[in-house]
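Visitor: Please read through the structure below; I'll follow up with questions.
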Amino acid sequence: MRYAHERKAFGKEIGKFQLVQQKIARMVQSYEMARLLYLRAGWMKNMGARNTRETSLAKWFATDASFDAARMLSRCTRYGYSDEYDVERYLRNSKGAVIYEGTSDIHQLMQAGYALGYREMPPCAVSYRLMIQVWQEE
Ligand SMILES: Cc1cc2nc3c(=O)[nH]c(=O)nc-3n(C[C@H](O)[C@H](O)[C@H](O)COP(=O)(O)OP(=O)(O)OC[C@H]3O[C@@H](n4cnc5c(N)ncnc54)[C@H](O)[C@@H]3O)c2cc1C
C-alpha cells in the first residue's frame, strides 16, 4: 500500500491506476477469505470437532492466495527480482507453504473427494449441531 502511494509514474501515484487497484482488490479479497476459512478451521478444532475438510480448504486457499499475492507484487516492480528487498523473499517463502503440509494438488484431490462423496469424515464426538448451539449461547 505504501509503495502504491509513494511510487509515481506518468505524474501520478501508481495506486491511481486501475490495474494496480485490481491487484490490490484481489489481495484484499483473498486475505479476507483466507482469514475466514482459517478462523473456521481453528474454531472447529477448539470445539473438538473434526476439521480435516475445513483445514485442508483453508490451507490450500490461504497458501495459494499468498503465493499469488507475492507473484503479483514481484511482477509489479524490479524490487521483486532483487534479493536485497523483502518482495523477493515473500515470493520464495510463500512458495514453500504451497508445497509442505500437503501440496495444493493433494488438497484439491481431498476437496474433490469430499464433494463427490468418495472421501468421508469419520463420525465425531462433537456434532456440528452442538457446536452451533454452544456458539449461539456465547
Ligand atoms: C520449505 C519446505 C519445507 C518442508 N518441510 C518439511 C518438513 O518439515 N518435514 C517433512 O517431512 N517434509 C517437509 N517438506 C517436504 C514436503 O512435505 C514435500 O516436498 C511435499 O510433500 C511434496 O513432496 P515431493 O517434494 O516429494 O513432491 P513429489 O511427491 O515428487 O510430487 C511432485 C508433484 O506431484 C504431485 N503428486 C505427488 N503425488 C501425488 C498424488 N498421489 N496425487 C496427486 N498428485 C501428486 C505433487 O502434488 C507435486 O505437485 C518441506 C518442503 C518444503 C518446500
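Read the figures in this text as sums done on the coordinates, not as results from a lab. The structure displayed is predicted, hence computed values, not measured ones. No Cβ is skipped: glycine too gets one built from the backbone with ideal geometry, and neighbour counts run over all protein chains shown.
Visitor: Between the helical axis of 86-99 and the dominant principal axis of the chain, each derived from Cα atoms, what acute angle in degrees is found, rounded to the nearest 10?
Guide: The answer is roughly 30 degrees.
Visitor: Below 12 angstrom from the Cβ of residue 4, what's the summed charge of the other residues (Lys, Arg +1; Asp, Glu -1)?
Guide: On the way: positive: 2, 7, 8, 12, 16, 23; negative: 6, 13.
It works out to a net charge of +4.
Visitor: Under 5 Å between amide H atoms, partner at least 5 residues away or on a different chain: which partners does residue 7 have, H built in plane at 1.01 Å?
Guide: Those qualifying (amide H under 5 Å, at least 5 residues apart or on another chain) are 14.
Visitor: If R₀ is 35 angstrom, what is the calculated FRET efficiency for the pair residue 24 and residue 121, using the beta carbon separation as r and rounding to 0.05?
Guide: Numbers: r = 37 Å, r/R0 = 1.05.
Result of the calculation: an efficiency of 0.40.
Visitor: Here is a further query. Quick one, what does Rg over Rh come out to for the chain if you take C-alpha atoms and the Kirkwood Rh? Walk me through the numbers before you get to the answer.
Guide: Details: Rg = 19.3 Å, Rh = 17.4 Å.
Result for the chain is an Rg/Rh of 1.11.
Visitor: If you build a Gaussian network model of the chain, linking Cα atoms that sit under 10 Å apart, which residue out of 82, 104, 66 swings the most?
Guide: 82
Visitor: Quick one: compute the contact order of the chain, relative version, from alpha carbon pairs under 8 angstrom and 6+ residues apart, as a percent. Before the final figure, lay out each step's value.
Guide: Values: 108 pairs, mean separation 29.0, N = 138.
So the answer I get is 21 percent.
Visitor: Right, here's the next one. Taking the Cβ of residue 111 as the center, what net charge do the other residues with Cβ under 13 Å away carry, scoring Lys and Arg +1 and Asp and Glu -1? Numbers along the way, then the final one.
Guide: Working: positive: 53, 59, 119; negative: 54, 64, 105.
Taking every Cβ under 13 Å from that of residue 111, the sum is 0.
Visitor: 222 nm [θ] for the chain, helices only, -39500 (n - 2.57) per DSSP H run of 4+, per residue, to 500?
Guide: Computed mean residue ellipticity for the chain: -23000 deg cm²/dmol.
Visitor: Could you give the longest part of the chain that holds none of the chymotrypsin sites (Phe, Trp or Tyr not before Pro) found in DSSP loops with at most 11 neighbouring Cβ atoms within 10 Å?
Guide: Numbers: sites that count: 10, 100, 118.
Free of exposed loop sites, the longest segment is 11-99.
Visitor: Using only Cα atoms and rounding to the nearest 10 degrees, what angle (0 to 90) does helix 18-46 make with the longest principal axis of the chain?
Guide: 30 degrees
Visitor: When the dipole is taken about the Cα centre of the range 1-60, and only Lys, Arg (+1) and Asp, Glu (-1) are charged at their Cβ, what size is it in debye, to the nearest 20?
Guide: On the way: 13 positive and 4 negative charges, 16 e Å.
Result for the range 1-60 is approximately 80 debye, rounded to the nearest 20.
Visitor: What FRET efficiency comes out for the pair residue 35/residue 99, r = Cβ-Cβ distance, R0 = 22 Å, nearest 0.05?
Guide: On the way: r = 22 Å, r/R0 = 1.00.
Taking R0 as 22 Å, the efficiency between residue 35 and residue 99 is 0.50.
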